[in-house]
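The values are calculated or read from the model by the stated rules, or taken from the named source; none is laboratory data. As the structure is a prediction and not an experimental result, all values here were calculated from the model. Here the Cβ positions follow ideal geometry from the backbone for every residue, glycine too, while neighbour counts run over all protein chains shown. Heads up: the accessible areas ignore ligands, DNA and RNA and are worked out on the full protein's heavy atoms, side chains in. Shrake-Rupley method; radii C 1.70, N 1.55, O 1.52, S 1.80 Å.
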Amino acid sequence: MSTAGISTVAVVGAGTMGAGIAGELARAGCVVRLVDTTREEGERGLERLQAAQVALVGWGQLSPSRADEALSRVHVTCELGRACAGVELVVESIHEDLESKRALFLQLDRLCASATILATNTSGLSVSDIAAATRTPERVAGLHFWNPPHLIPLVEVVKGARTSEPTLQTLHNLALALGKRPIVVRRDIPGFVGNRLQFAVLREALHLLSEGVASAEEIDAAMTAGPGLRYALIGPFQTADLGGLDVFKAIADYLFAELSTSTRAQEVLRRKVAGGELGVKSGMGFYDYSGGGAGSMVETTERRLMALLETVARGASTREDRKQGGEDG
């Protein structure tokens, strides 16, 4: 079985994102070689993949037989050379460190066949800088999945300075075949598109908290009960069109001057990190996740995401049915 002309893939890095990407590829029919530095790390990645599949089965999004078939297509290894032999695509998903990624791509360039596409799942490091470690930067591109990969549709396909159009098109087609919503990012800028939007909101949220305008809980509520609901359906430009560009221009003229222009993380975030309050991973962040709260939050968030995606999909299907009915009539 093949997916957009790709049948065998090596995923390097078996952490949260690597395991999730491996699962997406395997469920679409690809044979996946999941690579990490030790067999133990690879097996932990396989456990993460299985946990995601259990959730998908529980939500009725995946049959038990398809889950078993997907799992049978994933092979864990700690031998990079063997993993790269004969693959059409390598997806790198190691930690976010430019020099580590460059060192890996230098190896991949030597180990893989010349036709193999080399993709990085970096969330915002320069694809061009990573590709420059290779002799063949035209076959290197960004393929940025969002967490959790088994739920979030967005995939950013990022063009480096020398990425070829066939490389971009193949990765775009692959993302479509996985059932994702790919966008092509044609300028290799820090953060690409999704994270620039996400961190623009976070910067202003941190500013509001620092200024005592509202609590973290109230700022979160302002997003989830307000624009966040709308953004699940229409983006910022459609929102502006809906509200009237004259209205949005008038608001922008007086509001933009008041927004945070901080060029570094605000002190409230620096204090949290310095004090070891790292969020879910440490049990304390802007909220308290001790006493099992972390696992509960992850489970609840994923369940709500699934319900939201189903609602949006039903709405899109209804609109398409109405459109077809009107055309037929």
With the first residue restricted to the stretch 267-286 and required to be touching a residue at least 60 places away in the same chain (Cβ under 8 Å) and under 15 Å from SER210 (Cα atoms), and the second required to be open to solvent by 50 Å² or more (accessible area, probe 1.4 Å) and part of a helix (DSSP H, G or I), Cβ contacts under 7 Å at 6 or more apart or on different chains are VAL268/SER210
Scanning the stretch 229-260 for residues that are surrounded by 13 or more Cβ atoms within 10 Å (Cβ to Cβ) and in a helix (DSSP H, G or I), the one nearest to the chain's Cα centre (by Cα) turns out to be TYR231
Going through the stretch 97-119 in order, the residues found to be charged (D, E, K, R) and either crowded, with 22+ Cβ neighbours inside 10 Å or touching a Lys or Arg at 6+ places or on another chain (Cβ under 6 Å) (or both) are LYS101, ASP109
Output for Cβ contacts, cut-off 8 Å, separation at least six or different chains, first residue on the phi < 0 side of the Ramachandran plot in the stretch 232-252, second among the hydrophobic types (A, V, I, L, M, F, W, C) and open to solvent by less than 60 Å² (accessible area, probe 1.4 Å), reads ALA232/VAL312; LEU233/VAL312; LEU242/ILE234; PHE248/ALA240
Of (1) surrounded by fewer than 16 Cβ atoms within 10 Å (Cβ to Cβ); (2) closer than 17 Å to HIS150 by Cα, LEU62 fails just (1)
Residue set GLU218, GLU156; condition of a type in the set (Asp, Glu), within 18 Å of the chain's Cα centre (by Cα) and modelled with pLDDT of 95 or more; output residue GLU156
Within the stretch 10-45, residues within 15 Å of the chain's Cα centre (by Cα) and open to solvent by 10 Å² or more (accessible area, probe 1.4 Å) come out as GLY15, THR16, MET17, GLY20, GLU24
ARG135: passes all of (1) open to solvent by less than 40 Å² (accessible area, probe 1.4 Å); (2) more than 19 Å from ASN195 (Cβ to Cβ); (3) among the basic types (Lys, Arg) but (1)
Filtering the stretch 261-288 for residues that are surrounded by fewer than 13 Cβ atoms within 10 Å (Cβ to Cβ), in contact with a Ser or Thr (Cβ under 8 Å, 6 or more places away or on another chain) and farther than 21 Å from ARG203 by Cβ leaves a count of 1
Output for Cβ contacts, cut-off 9 Å, separation at least six or different chains, first residue touching a residue at least 40 places away in the same chain (Cβ under 8 Å) in the stretch 129-148, second assigned to a strand (DSSP E or B) and open to solvent by 20 Å² or more (accessible area, probe 1.4 Å), reads GLY142/LYS159; HIS144/LEU154; PHE145/LEU154; TRP146/LEU154
Cβ pairs under 8 Å, 6+ apart or interchain, first in the stretch 162-190 and over 27 Å from ALA26 (Cβ atoms), second assigned to a loop (DSSP other than H, G, I, E, B), ordered by first then second residue, are ASP188/SER126; ASP188/GLY160; ASP188/ALA161; PRO190/GLY124; PRO190/LEU125; PRO190/SER126
Worksheet item: Within the stretch 100-118, is there a residue that is within 23 Å of VAL298 (Cβ to Cβ) and in contact (Cβ under 8 Å) with a residue 12 or more places away in the chain?
Response: no
Residue pairs within 7 Å by beta carbon, gap of at least six or interchain, first lying in the stretch 5-30 and of a type in the set (Asp, Glu), second open to solvent by less than 20 Å² (accessible area, probe 1.4 Å) and modelled with pLDDT of 95 or more, listed first then second, are GLU24/PRO149
Matching residues in the stretch 149-161 (in a loop (DSSP other than H, G, I, E, B), without any contact (Cβ under 8 Å) to a residue 60 or more places away in the chain and among the hydrophobic types (A, V, I, L, M, F, W, C)) number 1
Restricting attention to the stretch 186-221, the residues that are outside any loop (DSSP other than H, G, I, E, B), among the hydrophobic types (A, V, I, L, M, F, W, C) and open to solvent by 60 Å² or more (accessible area, probe 1.4 Å) number exactly 4
